[in-house]
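Comments concern the structure below.
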Amino acid sequence: MPMAPPPDFNDLSVADIARLAESDQLPPVERWNPAHCGDSEMRIARDGTWYHQGSPITRPAMVRAFSRILRREPDGGYVLVTPVEKLDIVVEDAPFVAVELKAAGTGRDATLAFRLNTGDVVTASATHPLRFVERDDGPRPYLVVRGGLEALVARSLYYELAERALAGDDVPPGVWSGGTFFPLAPR
């Protein structure tokens, strides 16, 4: 049965996004422990593009389907897993990219909801924290999605987060979402 396309992020309120995120039924990949079968010949580039045998996967429904069976292993590697097979997949940075941000409220009452490049939605909270890593090319924000999987927050969204942080009076500067404070400075 084909998966329905995700709803239009622009038409959703932050409360709608939170309800969608809570109701999303993902496969129980953490309970599947099949034998390792080899390499999927797939790669997720830093920009979130999925590749198979060097060619981009251009069908969003295929990317979404594969993303739902992606799992992070205890050794830090990534696999695509089903009840009967487990295949390695290369992830250059993070397996997801947060590409849209919707904010409601300010200060401690703020809620920050993100749409990922796969169409999934995640609300930053204690369960889905934001973290900021300083790299040679500048800070990189990440959002925990699920089971050790993270989304790299797109640079344009980082600027929105920084603007929100600098408009507040928190020391150090940071953003609030879901009752949790996330400092912009790397820890």
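The table below gives the values:
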| item | result |
| --- | --- |
| Residue satisfying condition, being acidic (Asp, Glu), open to solvent by 20 Å² or more (accessible area, probe 1.4 Å), over 27 Å from ALA165 (Cβ atoms) and not in a strand (DSSP E or B), within set ASP75, ASP93, ASP39 | ASP75 |
| Residue pairs meeting the criteria (Cβ under 6 Å; at least 6 apart or on separate chains; first over 27 Å from ALA154 (Cα atoms), in segment 29-52; second among the hydrophobic types (A, V, I, L, M, F, W, C) and surrounded by fewer than 16 Cβ atoms within 10 Å (Cβ to Cβ)) | PRO34/VAL84 |
| Residue check for THR118: surrounded by 18 or more Cβ atoms within 10 Å (Cβ to Cβ) and either part of a strand (DSSP E or B) or within 15 Å of the chain's Cα centre (by Cα) (or both) | yes |
| Output for segment 116-144, where each listed residue is among the β-branched types (Val, Ile, Thr) and within 16 Å of THR180 (Cα to Cα) | VAL122, THR123, THR127, VAL144 |
| Candidates ALA61, ALA4, ALA15, filtered to the one that is open to solvent by less than 80 Å² (accessible area, probe 1.4 Å), at pLDDT below 95 and part of a loop (DSSP other than H, G, I, E, B) | ALA4 |
| Residue match in segment 121-134 (condition: touching a His at 6+ places or on another chain (Cβ under 8 Å) and free of Cβ contacts under 8 Å to residues at least 24 places away in the same chain) | no |
| Meets criteria (assigned to a strand (DSSP E or B), in contact with a Leu (Cβ under 9 Å, 6 or more places away or on another chain), in contact (Cβ under 8 Å) with a residue 60 or more places away in the chain and farther than 27 Å from HIS36 by Cα) for LEU112 | yes |
| Segment 146-187, residues that are open to solvent by 10 Å² or more (accessible area, probe 1.4 Å), among the hydrophobic types (A, V, I, L, M, F, W, C) and under 19 Å from VAL97 (Cα atoms) | LEU152, ALA154, ALA162, LEU184 |
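The values are calculated or read from the model by the stated rules, or taken from the named source; none is laboratory data. Since this is a predicted model, take the numbers as computed values, not measurements. So basically every Cβ, Gly included, is an ideal-geometry build from the backbone, and we count neighbours across all protein chains shown. Keep in mind that these areas ignore ligands, DNA and RNA; they rest on the heavy atoms of the full protein, side chains included. Shrake-Rupley method; radii C 1.70, N 1.55, O 1.52, S 1.80 Å.
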